[in-house]
Amino acid sequence: MLRIRELSVHYGGLCALDKVSIDVEAGQFVAIVGPNGAGKTTLFKAISGTVGPSGGTIEYKGRDLLAVPPHQRPALGIAHVPEHRQVFPSMTVLENLQMGAYAPAAAAQWKRSLELIYELFPILAERGTQLAGTLSGGQQQMVAIGRGLANVPELLMLDEPSMGLAPAVVDMIFDRIQQIHKERELTILLVEQRAAEALESCDLGYVLETGRVAMVGDNQQLLNDKRLQQSYLGL
Amino acid sequence: MEFGIFLEDAAQALATGILVGGAYALMCVGLGIIFGSMRVINFAQGDFMMLGMYATYYLATSALVGVFGLYAGPAVAALLSGPILFAFGWLLHKTMISRVTGARVADMDGGGGYAQLILTLGIGLVLQNGGLILFGSTPIAVLTPLSRQSWEVGTVLLNQARVVAFVAAIGIAALVNLFLTYSRIGRGLRAAADNPVAATYMGVDVTKAHRIAFSLGVAVTAVAGGLLASSQSFQPYIGIDFVIVMYAGVVLGGLGSIMGAFWGGLTIGLVQQLSTLFLPYQLQNTTIFLVFLLIIFFWPQGMFGRVSERT
Ligand SMILES: Nc1ncnc2c1ncn2[C@@H]1O[C@H](COP(=O)(O)OP(=O)(O)OP(=O)(O)O)[C@@H](O)[C@H]1O
Ligand SMILES: [Mg+2]
């Protein structure tokens, strides 16, 4: 579904991604783990088009994604739930969710999407008219994920959904992501610093270090890897 | 007896202030849309208003609008100046403003603020001097018989031209607010204002959203100018006074809030008229700033500032 080949991104002189190749097959749950500054968010931004790569290719369902303007990429079925949630603070919860359905195809299914989002996160149904900027961190994350789902995506990209949340909320969020993946057969690309949780749920995992793919494998391979256990899994 | 006269004067100033305030409120809404959506520092807004006044003047005297008659004609002309200035704003954004705003300047010194300041001051100068060449320096006004007719409510005289302008201004402000609140484009504009990067992830073309916001803001302020033009004489330099009024109104209402800009503008109109009760006419703008400073002192967020946000 997503084929990234030798993708490089530079910020001025700094090389944030160095010839990274990543594959995501339809229906897969792919996790990308790695330390701060590894380039995980940069990779997501390159896929969404908010940073321009200095080399390499991105193919999505057989078409050259880099030729598609950033604002037209969501309509192809790519939803990006960004780092730090980035809800629209001065808009209500409902308006935030509806922004996810901005593309016409998603707008046509908005009513049904909203039902599914409320089923997944019932608390949001009670907070429909509250300004998203006044929600708690966990609630904002639910809005961010719900907003992504309102796009009726085929590929859901989540950038550190656990960041800054209490353990119980993190568990709930990971549960929901699993649920979305299984029940709707949605392809998931998850970036996480919580390597253990992320690798447990995934079919395929990548370890990104200082802009390079340091390791690839299925979840058993990675979870059992000695070096990985020491540096990321705290075992 | 003395006090009775003062009360009558006060009631008159209050009424005139509210009527004038309607057009002020609308022009502040125009600036508020632009500032709220793009955070662009725009000192040419008063000159866009001036263009709206001249567009209204020439439309009102044209054969085309003439068919609406002496009474409805000027108001129709003011409304028609909107689409014309919308197109002007579109062109201006496409050719110039977009080069100093949006994503591409986020990394520039001062977030592009300096470039915006110089550019819009420059555009303002060109419009003022161009206006001088094209329109001449003689003050003119849009003539309508309504300017010389009043309705009497008790002792208070309501100038008919001002009442028409007031009603039109409130109507347009309400429509603009409905558009921004409930339409898909309006939601896109607000999302792009809140967080342009996240808006892109939703599928919003942020540059286009900014272009729409800028053009709409120019058009709304131009219509406000056109409505004002039947009760206020103007020349190509009138924008300088009004850009100050507009910024005061927008800041007063709370930067970034459209409803705030509306109430801020109305307040400015009121203050300006009420000040004539106590102070010579020349001190009108000084009073505006005095009140402005007082309000900012007590409500630094503006009267309608946004709710505090968690980050
Ligand atoms: N806009 C930018 N300008 C300059 N350098 C940047 C920019 N964004 C990111 N970088 C740099 O690129 C590198 C990769 O950053 P990125 O945000 O992709 O890391 P990350 O893996 O998402 O980290 P984290 O886990 O902390 O979110 C870092 O060294 C960072 O400092
Ligand atoms: Mg990151």
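The values are calculated or read from the model by the stated rules, or taken from the named source; none is laboratory data. The shown structure was predicted, so the numbers you read here are calculated from the model rather than taken from an experiment. Here the Cβ is made from the backbone with ideal geometry for all residues, glycine too, and neighbour counts use every protein chain on show.
Computed quantities for the displayed model
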| quantity | calculated |
| --- | --- |
| Condition met for A:Lys19 (of a type in the set (D, E, K, R) and within 16 Å of ligand 2 (Cβ to nearest atom)) | no |
| The stretch A:69-111, residues that are facing chain B (nearest Cβ under 7 Å) and in a loop (DSSP other than H, G, I, E, B) | A:Pro82, A:Gln86, A:Phe88, A:Pro89, A:Ser90, A:Met91, A:Tyr102, A:Ala103 |
| Test: A:Gln141 is within 16 Å of ligand 2 (Cβ to nearest atom), part of a helix (DSSP H, G or I) and in contact (Cβ under 8 Å) with a residue 24 or more places away in the chain | yes |
| Contacts under 6 angstrom Cβ, first residue in the stretch A:112-136 being within 14 Å of chain B (Cβ to nearest Cβ), partner part of a helix (DSSP H, G or I) and hydrophobic (A, V, I, L, M, F, W, C), 6 or more apart | A:Ser113/A:Ala150; A:Arg127/A:Val93; A:Gln130/A:Val93; A:Ala132/A:Val93; A:Ala132/A:Val143 |
| Options A:Ile32, A:Ile4, A:Ile58: the member that is within 16 Å of ligand 2 (Cβ to nearest atom), at negative phi, more than 14 Å from chain B (Cβ to nearest Cβ) and part of a strand (DSSP E or B) | A:Ile32 |
| Some residue of the stretch A:159-178 being within 16 Å of ligand 2 (Cβ to nearest atom) and part of a strand (DSSP E or B) | yes |
| Residue under evaluation B:Gly203, criteria (1) under 23 Å from the mean Cα position of the chain (by Cα); (2) under 30 Å from A:Gly77 (Cα atoms); (3) at pLDDT 95 or above, criterion not met | (1) |
| Boolean, A:Ala46 is part of a loop (DSSP other than H, G, I, E, B), among the small types (Gly, Ala, Ser) and more than 11 Å from chain B (Cβ to nearest Cβ) | no |
| Qualifying residue in the stretch A:56-78 (condition: of a type in the set (A, V, I, L, M), within 9 Å of ligand 1 (Cβ to nearest atom) and over 20 Å from A:His181 (Cβ atoms)) | no |
| Residue among A:Glu183, A:Glu209, A:Glu200 that is touching a helix residue (DSSP H, G or I) at 6+ places or on another chain (Cβ under 7 Å) and among the charged types (D, E, K, R) | A:Glu200 |
| Residue match in the stretch A:188-198 (condition: in contact with a Lys or Arg (Cβ under 8 Å, 6 or more places away or on another chain), closer than 22 Å to A:Pro153 by Cα and either at pLDDT below 90 or buried (at least 17 other Cβ atoms within 10 Å of the Cβ) (or both)) | yes |
| Some residue of the stretch A:204-220 being surrounded by 15 or more Cβ atoms within 10 Å (Cβ to Cβ), among the hydroxyl-bearing types (Ser, Thr, Tyr) and over 21 Å from A:Thr42 (Cβ atoms) | no |
| Filtered residues of the stretch B:204-233 (kept if small (Gly, Ala, Ser), surrounded by 24 or more Cβ atoms within 10 Å (Cβ to Cβ) and not in a helix (DSSP H, G or I)) | B:Ala229, B:Ser230 |
| The stretch A:22-38 - residue that is surrounded by 24 or more Cβ atoms within 10 Å (Cβ to Cβ) and within 12 Å of ligand 1 (Cβ to nearest atom) and, of those, farthest from A:Leu155 (Cα to Cα) | A:Gly34 |
| Tally of residues being under 16 Å from A:Pro104 (Cα atoms), surrounded by fewer than 24 Cβ atoms within 10 Å (Cβ to Cβ) and more than 7 Å from chain A (Cβ to nearest Cβ) across the stretch B:185-203 | 2 |
| Residue count, the stretch B:3-58 (criterion: touching a residue at least 24 places away in the same chain (Cβ under 8 Å), over 28 Å from A:Pro89 (Cα atoms) and part of a helix (DSSP H, G or I)) | 30 |
